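A.B. asks: One structure, as structure tokens, below. Some questions next.
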């Protein structure tokens with residue numbers, strides 16, 4: 001076996017890791033952990049994304065509407081977002097605002113107006129409700145964070161929104 005001017009061995013990689021390789025990999029891991037650590041919730045977010053994929057529902061298209069200027073009155077600011085999702089055969093509009101306890105209040109309306117099973121999927125769990133005959137629903141106090149709405153009609157068909165940040 002020969003070495004070049006930099007001290008590198010001139011042998012082909014045999015695919016076996018030795019102690020020197022393991023020390024280099026451990027050092028690389030320490031550097032990467034310090035420079036760009038893995039987010040604590042990466043596994044939870046990945047499982048959340050996979051559970052959405054497993055639903056095999058049609059994903060709705062996101063349409064963001066601007067906050068109207070009248071959302072600000074005097075010195076008090078009312079923080080609200082209105083988001084519309086469309087897919088064949090349903091359109092859903094939600095309004096997000098701060099709940100009295102500091103969570104997020106989700107007021108929603110689905111068209112065509114009928115009853116829907118509504119499920120808000122979040123990393124680590126979900127919240128369910130049902131819309132009224134007019135397609136209206138409320139999730140009064142949910143924690144902020146990534147979420148996706150799934151609406152299911154009595155016929156069993158469903159649609160899912162893209163993941164949004166509440």
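A.B. asks: Going by how many other Cβ atoms sit within 10 Å of their own, how do 130, 88, 119 line up, fewest first?
C.D. replies: The fewest-first ordering by Cβ neighbours comes to 88, 130, 119.
A.B. asks: For 132, 141, which order do you get if you count the other beta carbons within 10 Å of each Cβ and list the fewest first?
C.D. replies: Sorted ascending by nearby Cβ count, the order is 132, 141.
A.B. asks: Given a Förster distance of 41 Å, report the FRET efficiency between residue 97 and residue 19 from their Cβ-Cβ distance, rounded to the nearest 0.05.
C.D. replies: Calculated transfer efficiency: 0.10.
A.B. asks: Fully extended, how many nm does the chain gain between residue 132 and residue 41 (0.36 nm per residue separation, minus their Cα-Cα distance)?
C.D. replies: Taking residue 132 through residue 41 to full extension adds about 29.3 nm, to one decimal.
A.B. asks: Now, a different point. So between residue 49 and residue 107, what do we pick up on full extension, going 0.36 nm a residue minus the alpha carbon distance?
C.D. replies: Here the answer is 18.5 nm.
A.B. asks: Quickly rank 31-37, 106-112 as a protection proxy: mean count of other C-beta atoms within 10 Å, highest first.
C.D. replies: With the highest mean Cβ count within 10 Å placed first, the list reads 106-112, 31-37.
Since every read-out is calculated from the coordinates, none of them should be taken as a lab result. Owing to the predicted nature of the structure, the values given are computational and were not obtained by experimental measurement. Note that we place each Cβ from the backbone using ideal geometry, even for glycine, and neighbour counts take in every protein chain shown.
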